[in-house]
Each structure stands twice: as structure tokens, then as C-alpha cells.
Amino acid sequence: MTRFPDDFLWGAATAAYQIEGSPLADGAGASIWRRFSHDPRLMIAKGDTGEVACDHYRRWHDDVALMKTLGLQAYRFSIAWGRVLPEGTGRINQAGLDFYERLVDELLANGIQPLVTLYHWDLPAALDDRGGWLNRDSADWFADYARVLFDRLDGRVTRWVTINEPWVVADGGYLNGVLAPGHRNMFEAPIVSRNLMRAHGRAVQAYRAGGAHEIGLVVNIEPKQAASDSAADHAAQRRAEAYMNRQYLDPALCGRTPPELAEMYGEAWQDWSPDDLALARQRLDFLGVNYYTRSVVRADDAAFLTRAAPVPQPRSTHMTTGWEVSPQALTDMLVWVRAEYGDIPLYVTENGAAFYDPPRAMNGAIDDPLRVDYLRTHIAAVGEAIARGVDVRGYMLWSLLDNLEWTLGYAQRFGIVHVDFETQARTLKNSAHFYRDVIAGNGALPNG
Ligand code: GBH
């Protein structure tokens with residue numbers, strides 16, 4: 001018995017700066033990630049950069065063949081804004097646009113549906129020089145950029161994502177400074193959040209004016225659980241949930257912001273105008289949810305910004321990133337989204353895990369049992385949510401390839417395909433063989 005609908009979409013995901021390399025090739029404009037990873041004052045592990053990454057910009061044809069080998073039905077990738085518009089606005093760079101057009105055509109020729117993310121964190125540096133996401137005009141810049149892609153690729157691309165994980169952009173990029181552009185400013189983060197959602201809204205409006213298929217938003221969600229029954233821990237749980245999980249879902253789907261945000265931000269918070277709230281709330285064809293982990297939290301006044309501190313779970317398995325493995329929380333999250341926000345079609349647009357991969361065995365195999373286990377239990381967790389009535393339409397595994405894990409560099413390996421960053425050789429890990437079997441059986445889980 002399989003719990004997955006016949007038309008369930010099985011795929012894998014990547015993002016431009018993490019895999020492409022050649023960030024300035026063929027007339028592309030630099031992004032904030034290129035700038036950030038070359039700035040010695042900033043903190044990317046071991047000086048890693050995206051100059052070569054997986055060299056996908058040059059190896060895309062072989063990489064599509066690899067996807068075909070795995071039986072992928074869909075491939076979620078992102079477009080580097082600066083390849084298409086080197087200055088971020090205005091002049092189109094045909095060579096950059098051609099790269100993505102060739103990729104889309106090659107995917108379609110191999111029976112793989114493209115799922116395209118317009119923004120996965122690589123803002124053109126030229127726009128950062130104009131204030132980036134702090135500038136209210138960013139919403140129009142983004143819609144103009146989106147329109148270029150819709151005009152060229154809608155129809156061949158039938159599923160679009162506006163922005164990947166606005167929470168990470170605002171929190172990592174502007175509040176905690178651990179991601180590009182590396183700001184640490186409590187007053188900036190809520191402004192950026194609002195502009196990101198205004199940009200999302202403008203892009204969806206642009207799509208409705210001519211696009212004929214589906215468009216949605218992707219958010220990262222981590223269930224927050226109170227460490228005890230105390231009122232203080234429950235209040236901490238609500239703050240943590242409002243900050244990470246509701247901050248973007250509430251505006252996008254309900255036209256409101258969670259009241260806890262005003263409390264946490266204090267004088268740094270500004271209420272959204274009715275126009276901004278209305279703009280952020282557009283009809284969406286689907287919601288994409290990225291899931292990796294959960295957290296258990298307790299009240300702690302010293303914990304910035306939420307006054308909620310994570311409570312370690314030493315009995316659980318953890319990834320090499322330190323994140324706890326909890327498949328149950330994936331089911332809980334999907335059920336929660338439906339209960340709180342209604343019956344919107346969902347895609348799991350990212351799910352996967354980083355673990356140490358052992359050296360190649362004598363027969364050349366790369367045995368990654370922890371990743372296989374993670375995938376087995378999390379795919380089962382998606383099946384469980386479907387059995388409980390949640391409308392999940394697809395699963396995009398993160399990630400197809402080992403890649404640049406942002407500030408953590410190349411050491412964190414999320415791929416089901418191993419990449420040797422010296423030779424660029426790709427080797428299927430056992431998890432890739434496992435996933436191919438999952439797809440072939442439409443979610444029926446192989447043993448072992
Ligand atoms: C995604 O973001 C990105 O879209 C993708 O580019 C990236 O490569 C991938 O995940 C793997 O990182 O420290 O225990 O509190 C991940 C979003 C938000 C997930 C913060 C982990 C912190 C967990 N992340 N979260 S913990």
C-alpha cells in the first residue's frame with residue numbers, strides 16, 4: 001500500500017550560488033554572496049567561496065543526465081538575479097538568460113519538471129549598493145526581474161517560487177550578520193522582512209498579469225516545542241514560533257503580522273500599513289515548506305531576540321550542523337500548517353541532512369546510512385501527514401549535490417551525490433540509490 005498520490009512529484013533541489021561556480025562569467029554582475037565570501041573581515045568557513053563550487057555552470061548538461069539516472073521527476077533550482085540583470089535592474093544580459101533557458105529545455109527533454117526559485121539569497125551587489133532589501137524600491141526591482149523570467153520561460157516552467165526562506169534572509173543577513181550582506185542591526189531586520197514580503201507580493205501580481213501556471217512562496221518552518229508546562233516556557237514557545245514560523249506565513253496567507261513581533265522588537269518595530277499588508281497577501285497556488293529540524297525552547301531573558309533559548313536534546317541524533325533529527329516534527333509541521341492556515345497545496349521544497357560521509361569503499365560505494373535513515377523516516381513522515389489529510393503534492397530532497405553550505409563552507413555535505421571538490425567527480429552515495437528506488441516505487445520504502 002502506498003500513501004502517496006499517483007501524481008506526487010519527486011525531485012531534488014539546489015540553489016545557484018551553492019553549485020554554479022563561475023559567478024562572473026558571460027557578463028554576470030556580482031552578487032552579495034560573491035562579495036561576502038571574498039571579504040576577509042566576514043566569516044565564511046576556511047575562506048571557501050562560490051568561484052568554482054560544483055562547476056555546475058559548465059557541467060549542467062552532465063548534471064541533468066545524472067538527474068535522469070536518479071529518475072527525478074522534478075528539479076528545483078534557483079536563478080542568479082545578477083546573471084540575468086547584471087546591475088539588478090535595467091539591462092538584460094542575454095548570455096545569462098540563455099544559460100537558464102538551455103537548462104530548462106534540457107530538463108524538459110529528459111522529462112524532468114523545473115521548479116524555479118527566483119530568489120535564493122544572491123542579491124545583485126549593485127542593488128545592495130542602493131540599500132538592498134532595506135530600500136522600499138526593492139519590491140519593484142524584484143517584480144521587474146521576475147517579469148523578465150516569466151516572459152521568457154513561463155509555460156516551459158510551470159511552477160515558480162518568489163523567495164526562498166525570507167526568515168533566513170532577514171535573520172541571517174540583517175539581524176545576526178552570519179549570512180550576506182552581514183549586517184547586525186535590530187532596526188533593519190523588520191524593515192527587510194516587510195520589503196521581502198512586498199517584493200513577493202509584487203512578483204505574484206506581475207505573474208497574475210500574464211503567467212498561466214503556478215506561483216508560490218517558500219518558507220522554512222521548525223516546530224517549536226515548550227520545554228515544560230510552565231506559563232513562561234509556553235510564552236517563550238509562542239515568541240519563537242511567531243519569530244521563525246509565523247513572521248512570513250501570517251502576512252502571506254492572513255494579511256496580518258504576529259503580535260509577538262512588536263513585543264520582541266520593541267522600539268525597532270513598525271506596524272505595517274494596510275497597503276503593505278494587502279500587498280503581501282496574494283492568492284498563492286501553493287506553499288513550499290523547507291524542513292530540517294525542530295527545537296525545544298525555554299524562557300530565557302538573555303536569549304536574543306526571542307527570549308527563548310534552545311534546550312539541547314542529547315538523546316537525539318544530530319547532523320554535523322548540530323541540528324536535531326526529528327521526523328515526527330515534519331509530520332507535526334505539515335499538520336500544523338493546514339490547521340493554522342487552511343488547505344493550501346503544499347510542497348516540501350527542501351528536506352535533507354548533512355552527515356560525515358565515510359571514505360569510498362573498495363567497490364567505490366559511498367555508504368551513508370545516517371542519510372538513508374533520515375530520508376526513509378522523513379519520507380514516511382510526509383506519507384503520514386498525507387494520511388492525516390494534508391495536501392502535500394511533492395517532495396524536493398536537499399540536496400542533489402554536495403555544495404557550498406553558505407557560511408559553513410564545503411565541509412557540510414547535504415548531497416545524495418558526492419562531489420570531489422578537487423576533481424569535480426560526482427559519485428552516487430547509497431542515499432542516491434535509495435532515493436531512486438523510492439521514486440521508482442512512488443514512495444514505497446525499500447528495506448535495508
Ligand atoms: C536551507 O536553509 C537553505 O534554503 C539551503 O540553501 C541550505 O543549503 C539548506 O537549508 C541547508 O542549510 O541551529 O538547531 O536552531 C536552512 C534553514 C534555518 C535550518 C535555521 C536550520 C537552525 C536550526 N535553517 N535552522 S538550529
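Computed quantities for the displayed model
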quantity	calculated
Where labels lie 7 Å past Cα in the beta-carbon direction, separation of E87 and A209 in nm	2.1 nm
From phi via Karplus (6.51, -1.76, 1.60), per-residue ³J(HN,Hα) for the stretch 410-422 in Hz, x at Gly/Pro	7, 6, 8, 10, 9, x, 8, 10, 6, 10, 7, 6, 7
With every protein chain in place, the chain: carbon and sulfur % of accessible area (1.4 Å)	50 percent
The chain shape via C-alpha gyration tensor axes, a/c threshold 1.5	rounded
Accessible surface ranking that places the most exposed of H378, H418, H433 first, with a 1.4 angstrom probe	H433, H418, H378
Cα lying deepest toward the dipole's positive end in the chain, options M244, T320, Y435, charges on Cβ	Y435
Solvent exposure, largest accessible area first (probe 1.4 Å, DNA, RNA and ligands not counted), of D391, D271	D271, D391
Backbone HN-Hα couplings from phi across the stretch 369-382 [Karplus 6.51/-1.76/1.60, Hz, Gly and Pro as x]	x, 5, 5, 4, 5, 4, 5, 4, 6, 7, 5, 4, 5, 5
Relative contact order of the chain, defined on C-alpha pairs under 8 angstrom at six or more residues apart (%)	18 percent
For R102, solvent-accessible area (1.4 Å; no DNA, RNA or ligand), Å²	110 Å²
Antiparallel bridges, percent of DSSP beta bridges restricted to the chain (to nearest 5)	15 percent
Average accessible surface area per residue within the stretch 152-264, 1.4 Å rolling probe, Å²	30 Å²
For the stretch 1-42 and the stretch 360-413, distance of Cα centres in Å	17 Å
Net charge dipole size for the chain [Lys, Arg +1 and Asp, Glu -1 on Cβ; Debye, nearest 20]	280 debye
The stretch 362-428, accessible area per residue, ligands and nucleic acids excluded (1.4 Å, Å²)	34 Å²
Average accessible area per residue (Å²) across the stretch 1-151 - probe 1.4 Å, nucleic acids and ligands excluded	37 Å²
The chain: calculated mean residue ellipticity at 222 nm from DSSP helix runs of at least 4, using -39500 (n - 2.57)	-11000 deg cm²/dmol
Other-chain or far-sequence residues with amide H under 5 Å of L85's (modelled H)	N93
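The values are calculated or read from the model by the stated rules, or taken from the named source; none is laboratory data. Computed from a predicted structure; not experimentally measured. Note that each Cβ is placed from the backbone with ideal geometry, even for glycine, and that neighbours are counted across all protein chains shown. Please note that ligands, DNA and RNA were not included when accessible areas were found on the heavy atoms of the full protein model with its side chains. Shrake-Rupley method; radii C 1.70, N 1.55, O 1.52, S 1.80 Å.
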